[in-house]
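Colleague: After the structure tokens below, expect a handful of questions from me.
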């Protein structure tokens, strides 16, 4: 059964994220997801082909599967898991974060309804 993406619009999610690579900035994260299931959270460090190193936080609780991905040096987005034929595929706005094994690809461009020109990232 397909899980509608619009479900995230009604899920009370509060995310406050401050920080970046600036050591002067204080990081504060708070995430509230409904349900009694235990939150499974893990952070994975990646080295990307564009030279950036990023840390992606994966958050799983009940039917909610999220990834917090820095899409640029100044922007971090919360991605929701969507249907994938292979691997784990997450979407946020125009972006797709698609992971499979120790590799993941960040797509922000589209052609013919498909993501193209992704940046490949490998687990450190």
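The values are calculated or read from the model by the stated rules, or taken from the named source; none is laboratory data. Everything numeric here is computed off the predicted structure, so don't read it as measured data. Here Cβ is always computed from backbone atoms with ideal geometry, including for glycine, and neighbour counts include all displayed protein chains.
Colleague: Against the definition (modelled with pLDDT of 75 or more, surrounded by 10 or more Cβ atoms within 10 Å (Cβ to Cβ) and farther than 18 Å from residue 75 by Cβ), how does residue 42 come out, yes or no?
Modeller: Details: modelled with pLDDT of 75 or more: yes; surrounded by 10 or more Cβ atoms within 10 Å (Cβ to Cβ): no; farther than 18 Å from residue 75 by Cβ: yes.
Here the answer is no, as residue 42 does not meet what is asked.
Colleague: Also, quick follow-up: For the stretch 100-107, indicate whether the set of residues that are under 23 Å from residue 37 (Cβ atoms) and part of a strand (DSSP E or B) is non-empty. Steps first, answer last, please.
Modeller: So the first thing to find is which residues in the stretch 100-107 are under 23 Å from residue 37 (Cβ atoms), and the list is none.
Looking for residues that are under 23 Å from residue 37 (Cβ atoms) and part of a strand (DSSP E or B), one finds none in the stretch 100-107, hence no.
Colleague: For the stretch 37-86, enumerate the residues that are over 20 Å from residue 123 (Cβ atoms), outside any strand (DSSP E or B) and in contact with a strand residue (DSSP E or B) (Cβ under 8 Å, 6 or more places away or on another chain).
Modeller: Across the stretch 37-86, the qualifying residues are 37, 38, 39, 83.
Colleague: For the stretch 60-80, which positions are within 12 Å of residue 37 (Cα to Cα) and crowded, with 20+ Cβ neighbours inside 10 Å?
Modeller: So the first thing to find is which residues in the stretch 60-80 are within 12 Å of residue 37 (Cα to Cα), and the list is 60-64.
Listed by number, the list holds a single entry, 64.
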